Each structure stands twice: as structure tokens, then as C-alpha cells.
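Reviewing the structure listed below.
The values are calculated or read from the model by the stated rules, or taken from the named source; none is laboratory data. As the structure is a computational prediction, the values presented were derived from the model and not from experiment. Neighbour counts run over all protein chains shown; Cβ positions are idealised from the backbone, glycine included. SASA here: full protein model, heavy atoms, side chains in, ligands and nucleic acids out. Shrake-Rupley method; radii C 1.70, N 1.55, O 1.52, S 1.80 Å.
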Amino acid sequence: MGKIIYQPKGAAAEYSEWAANLYNGCSARCSYCYNRKGRFSKVLGGDVPTLKKQLINKTTAIEIFRKEMKMNITELRDKGLFFSFVSDPMLKDTIELSTYLMRQALINDIPVKLLTKQTWWVDDFCKEIEKNGTVWNTQKLHLLAVGFSLTG
């Protein structure tokens, strides 16, 4: 069975002590991305985000995430969970599963740290909260930190 939640090593550990990776590859095609260069490019790169093979499908990925979240819940509540080092979790191809799992973390009082280059989803996100706050549970939004990478 695959693994989603892990403790990053090396430079990645400077950003977060816990992370979740669901996809490999990214359609943003940033020229500076370490996933597209050198030894990582064959494993993590590519211009089409695909669910990590060992996760099999979205249903299995959800089961794995829930199991790993419960196993590490105390640490995750203390340190938070970063989405994602090897793809952008807010791409049109990745947002559905990413946001579902982020909500699962928030419901379980786990702070979520999100880094994305995508802004297209923000208006819909805000409208969804205004319309039906229970979808994102507005009581838990203080646990959500969103960072945007600016490129030019």
C-alpha cells in the first residue's frame, strides 16, 4: 500500500515537519521547478499530474490518508500538515482530492499548510463558504494557511 503522509528530510523539512503528497507531476511547467530537473525529474516530474501509482485510485488514497492521519494525529495536530512538495494541490486535475483530504485534516483539528501558484479557485472557495459554511466548517478555517508562489 502507498504512503501519503510523511516527515520530509533535508531542505524540505525547513518548510514543514509533516507533509502529504498525492500526485507526481505538475501542469504549471515552471522552469525553475526542482521536480522537472536533474535526478528528480524522472520520478517526480512530468507536465501531467498523476495520482501516485502506489495509491491505486482516489478511494484507496482516501483510506490510506485516514489511516495515516489517525496513526499520527497527535504530532499532526501539533505540527500541521503541508500540501504538497511534488505537485500543486490546487491544479484543476488535483484540487478535488486535495481539498477533500485537507477538509478531513481540518475536521480533525490538524492545521493545514497549502502552497500553490493557482489563484483561479479562490473566488469559488469564498463563495462556497458564504453559501454553505459547513462544507469547509468555518469554525476550523483558522487552521488553514494558504501561501501563493508568485512567478513572473
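Annotations for the structure displayed:
- Percent of C-alpha pairs per 5 Å bin, region 58-152, short to long: 3, 12, 23, 26, 21, 11, 3, 1, 0
- Note on LYS131: aspartates and glutamates with a C-alpha under 17 Å away, same-chain residues under 8 apart excluded, are ASP123.
- Taking 0.36 nm per residue of sequence separation and removing the Cα-Cα distance, the ASN57/GLU17 pair yields an extension gain of 11.8 nm.
- Residue-normalised accessible area of region 67-152, given per residue in Å² at a 1.4 Å probe: 55 Å²
- Here's the list of aspartates and glutamates a cross-link from LYS67 could span, going by alpha-carbon distance under 19 Å and ignoring same-chain residues fewer than 8 apart: GLU17, GLU75, ASP78, ASP109.
- Rounded to the nearest 20, the Cβ-based charge dipole of region 45-152 about its Cα centre (Lys and Arg +1, Asp and Glu -1) stands at 260 debye.
- Qualifying lysines (Cα of each under 20 Å from Cα of LYS9; at least 8 residues distant if same chain): LYS37, LYS42, LYS52, LYS79, LYS113
- Of the peptides 88-95, 100-107, 60-67, the ranking by mean beta-carbon count within 10 Å, highest at the top, reads 88-95, 100-107, 60-67.
- Fully extended contour minus Cα-Cα distance, from CYS126 to THR74, at 0.36 nm per residue: 15.8 nm
- Taking all protein chains as they are arranged and a probe of 1.4 Å, the heavy atoms of LYS127 leave approximately 130 Å² accessible to solvent.
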